[in-house]
Amino acid sequence: MRRSRGQSTVELALILPFLVGLFTLALQGGQLISDQINLTQAAADGAEWAAINVTTQGDTAIRTHVMDQLCGAGGSPSTPASGATKYCNATLTVTVSARTAPTSQGPAAAPGPRATGAVLGAKTGCKSWNISVTPVAGNPSPVTQSTTLQYLVQLNVQNGGGNLLDPIVSLSGNGFPNNTFPGSPTFNPPSVSSAGSASTLNITTTQGTTPGTYTVSVSGLDQCNNGPAAGNVQFTITVNGTGPPSPSPCTPPSILSVVPITAQNGSITGVTILGSGFGSGSTVSFGGSAASLVTIVSATQITAVLPAGGLSPGVYTMTVSAPSGQCLVSSNNSLTICSGPCPTPGLGGGGGGGSTQNPCATSALPNHYQTVIAIAWQEPLFVPWFNSAVTLNATQYLYCQ
């Protein structure tokens, strides 16, 4: 049976609204996804800002910062300012609050992909100690190029009462002559753990070692994050030989990642920097403050101890200089030093209350709380048989430990 033209027209008229609806729904779905991503990013940016300003800002300041990103500086949903996004209208709400019963699972937000760190700990709990460095018999002074030197590094533990621990000291050093073999000098063993125990420091110069006088510094840290009571031990090495080769063009080092080094009590002691172009004589700084001890493990790895006296809470950009001192590189992997234990909920900002967070924790623990940044906004829909709007929600958590 043949269909009449009139019948085909009627069928098309019935199907056309359905096709238009599907097309509109597809477009609307893409817009919903885009808007959800943008709102989630706004919440994440607010979390990173809160972490960076952990010691000075509270809940109100965090909310103001997020609102400024969406409504322009000083703007609000009722009066958007210059730079306001489309999300700044009467349906927008931004809340920042403390939750005293943290969710067991959720997006455990670090304060941004660049921030790493650990909580500063009190430097107590271990007996005080010092180390002594003495040359092994037969070491010449001064030395010529291609000479092997040995030094005995001995642990001297001072008496202490109470429950103080015997120190386990990880040794490190810097200031070694450049171009040594097989690279950075080594301690054997790398740590000492009882009174009178010792390690041998081996230093072998090469034909490429530049003649001159080098000041070597030897130190260490115990499991309580303590250094030697009398400070680092220093000694000099004078290398004789042919003059230095012509300087080569400076090749800047590169930094791939910065990994915090922590003691058993969770306190930070320094960092391991991975990258390339590191060499003897390279230096490390934390936001302009020089590391107290730098060990060049290899051309791709450096360990650096925090500056003497530690660092105040904050975010520090890592910087490494090439051996010539002319080439510098700054790391995109900043180091975050936290303000300490969980502040008391409800006391406001200033780093001591509200829901200001310790950004180093990655999960909430029992009897602790978290800051919740929540953004809600209604997305208008244009498909007749759906509701006129869908509420999009973006939530970001910062955990306190």
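The values are calculated or read from the model by the stated rules, or taken from the named source; none is laboratory data. Just so you know, these numbers come straight off a predicted model, no measurement behind them. Surface areas here come from the heavy atoms of the whole protein model, side chains and all, with no ligands, DNA or RNA. Shrake-Rupley method; radii C 1.70, N 1.55, O 1.52, S 1.80 Å.
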Q: Rank these residues by their accessible area, most exposed first, probe 1.4 Å: 60, 391.
A: 60, 391
Q: At 1.4 Å probe size, with no ligands or nucleic acids counted, give the accessible surface of residue 87 in Å², nearest ten.
A: 20
(Q) Taking 2.2 N^0.38 Å as the expected size of a compact globular protein, what ratio does the Cα radius of gyration of the stretch 182-226 give against it, to two decimals? (A) 1.48
**Q.** Ranked order, 35, 68, 166 - accessible area, probe 1.4 Å, largest first
**A.** 166, 68, 35
Q.
Using protein chains only and a probe of 1.4 angstrom, how many square angstrom of residue 261 are accessible, to the nearest 10?
A. 60
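From the protein chains alone at 1.4 Å, what is the descending order of accessible area for 221, 293, largest first?
Numbers: 221 35, 293 5 Å².
Sorted descending by solvent-accessible area, the residues read 221, 293.
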**Q.** Residue-level accessible surface for residue 191, protein heavy atoms, 1.4 Å, Å²
**A.** 50
